[in-house]
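First the structure, in the form of structure tokens, and then the observations on it.
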């Protein structure tokens, strides 16, 4: 089983169309969808929301149903100083800029997907450092997985949405959906291979 956490429904649309997901109506705090191969949760913006959703999914699926060996994936948009919008990038390491906590992830075959340092920030960054990507949720998921000794099963995969020539304040839902549709086959291939 794979657990996929995204901040926004727009980020998850491509994945929801990839498999037959049904809404898990027993969970009211978050939008959670389930298929035969994955559980996909929409956390909302920020690491605190990602923490809450991760705790809920661990309680619901890992503790109650014994899914300890499952893979955890944080997928969503990120800013980058060196990758073009529409690029898929694995994050490693991940640094929480508020707490200073850092996680080294155990990447599998990256299938020609670049890897970059990710900094989780509390608000969208106007700074785009070369070789770094920026998000607002990944460290939330990772901090909870660390507490539950599940960090070895975590991956962070980001779709680059903004950068120095494409500032974050110009991001729209339709723009995200367009970036996702352009990279949909590659995204599905990566998720299938995990």
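The values are calculated or read from the model by the stated rules, or taken from the named source; none is laboratory data. Since the structure is predicted, the reported quantities are computational estimates derived from the model, not experimental observations. Positions of Cβ are backbone-derived with ideal geometry, glycine not excepted, and every protein chain shown enters the neighbour counts.
Worth pointing out:
- Looking only at region 53-71, residues that are under 14 Å from residue 155 (Cβ atoms) and modelled with pLDDT of 95 or more come to 1 in all.
- Test for residue 162: is it within 22 Å of residue 53 (Cα to Cα) and buried (at least 17 other Cβ atoms within 10 Å of the Cβ): no
- Residue within region 65-85 that is buried (at least 17 other Cβ atoms within 10 Å of the Cβ), part of a helix (DSSP H, G or I) and in contact (Cβ under 8 Å) with a residue 40 or more places away in the chain present: no
- Odd one out for residue 99, checked against (1) modelled with pLDDT of 95 or more; (2) closer than 21 Å to residue 55 by Cβ; (3) surrounded by 13 or more Cβ atoms within 10 Å (Cβ to Cβ): (3)
- Some residue of region 105-128 being over 16 Å from the mean Cα position of the chain (by Cα) and modelled with pLDDT of 95 or more: no
- Considering residues of region 129-154 that are at pLDDT 95 or above and not in a helix (DSSP H, G or I) only, the residue surrounded by the fewest Cβ atoms within 10 Å (Cβ to Cβ): 132
- Residue 105 being part of a helix (DSSP H, G or I), in contact with a strand residue (DSSP E or B) (Cβ under 7 Å, 6 or more places away or on another chain) and surrounded by 17 or more Cβ atoms within 10 Å (Cβ to Cβ): no
- Looking across region 168-194, the residues that are within 13 Å of residue 11 (Cα to Cα), free of Cβ contacts under 8 Å to residues at least 40 places away in the same chain and exposed (fewer than 15 other Cβ atoms within 10 Å of the Cβ) come down to 172, 174, 178.
- Look at (1) surrounded by 15 or more Cβ atoms within 10 Å (Cβ to Cβ); (2) assigned to a loop (DSSP other than H, G, I, E, B) and you find that residue 116 fails only one, number (2).
- Hits in region 86-102 - residues which are over 19 Å from residue 176 (Cβ atoms) and in a loop (DSSP other than H, G, I, E, B): 97, 98, 99, 100, 101
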